[in-house]
Amino acid sequence: MNRILFALAVPLLFAPPALKGQATPNSGVWSGIIVYSSCNADEAFNESPECFRAAPGAKLALYDDTNRVMYGLEPQESVAGHLGDTVTVRGTLEEDTIRIKSLELMSIGLAVGQKAPAFSARDQFGHTQTLDSLKGPNGTVLLFFRSADW
């Protein structure tokens, strides 16, 4: 009996992922900004105005700035109206095109008028600063700058 069960179980160990119920190997999640496909990764990295102007035959694409790659997006209806938006796309990658399953807008930072959460961080002199220690008589403006070489 044990030999029969072993003979039945071994083929399942070597079955393709789809038979095991696992995700498709090319499925994933990508984040970036929606631009026109007429722009290349270098132009998108430099936020060239060309990336946001319609050109003949150009489609909407995703520029992923974590790996500086441009991806085609299908179906285009899923991204219509999102030019310039920062998004997270879930789907499957087929060559250099993402077949979209879902698209979510990413929010970056606080909304206008929203209060900052309590925090503490070291300043350039090594002193701990908090939101309260930075408050002035007219409020506080916090600016975070992302280095171009991050």
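The values are calculated or read from the model by the stated rules, or taken from the named source; none is laboratory data. On a predicted model such as this, the values are computed, not experimentally measured, just so you know. Neighbour counts are summed over all protein chains in view; Cβ atoms, including those assigned to glycine, are modelled from backbone coordinates with ideal geometry.
Which residues, taken from segment 93-139, are of a type in the set (S, T, N, Q) and modelled with pLDDT under 80?
Scanning segment 93-139 gives S107, Q114.
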In this structure, is T86 more than 30 Å from G139 (Cα to Cα) and not small (G, A, S)? no
Odd one out for E77, checked against (1) over 15 Å from A44 (Cβ atoms); (2) in contact with a helix residue (DSSP H, G or I) (Cβ under 8 Å, 6 or more places away or on another chain): (2)
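Quick one: count up the residues across segment 69-96 that are of a type in the set (S, T, Y) and out of contact with any strand residue (DSSP E or B) (no Cβ under 6 Å at 6 or more places or on another chain). Steps first, answer last, please.
Our first condition is that a residue be of a type in the set (S, T, Y); within segment 69-96, this holds for 71, 78, 86, 88, 92.
Applying the additional criterion that residues be out of contact with any strand residue (DSSP E or B) (no Cβ under 6 Å at 6 or more places or on another chain) yields none.
Final tally of qualifying residues: 0.
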As an exercise: evaluate R90 against (1) at pLDDT 95 or above; (2) loosely packed, with under 14 Cβ neighbours inside 10 Å; (3) farther than 19 Å from S37 by Cβ and give the number of the one condition it does not meet. (2)
Residues being exposed (fewer than 11 other Cβ atoms within 10 Å of the Cβ) and farther than 13 Å from S31 by Cα - total across segment 93-118: 10
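In segment 63-77, which residues are within 13 Å of the chain's Cα centre (by Cα) and either at pLDDT 95 or above or surrounded by 12 or more Cβ atoms within 10 Å (Cβ to Cβ) (or both)? Reasoning before the result, please.
Here is the first cut: in segment 63-77, the residues within 13 Å of the chain's Cα centre (by Cα) are 63-71.
The answer is Y63, D64, D65, R68, V69, M70, Y71.
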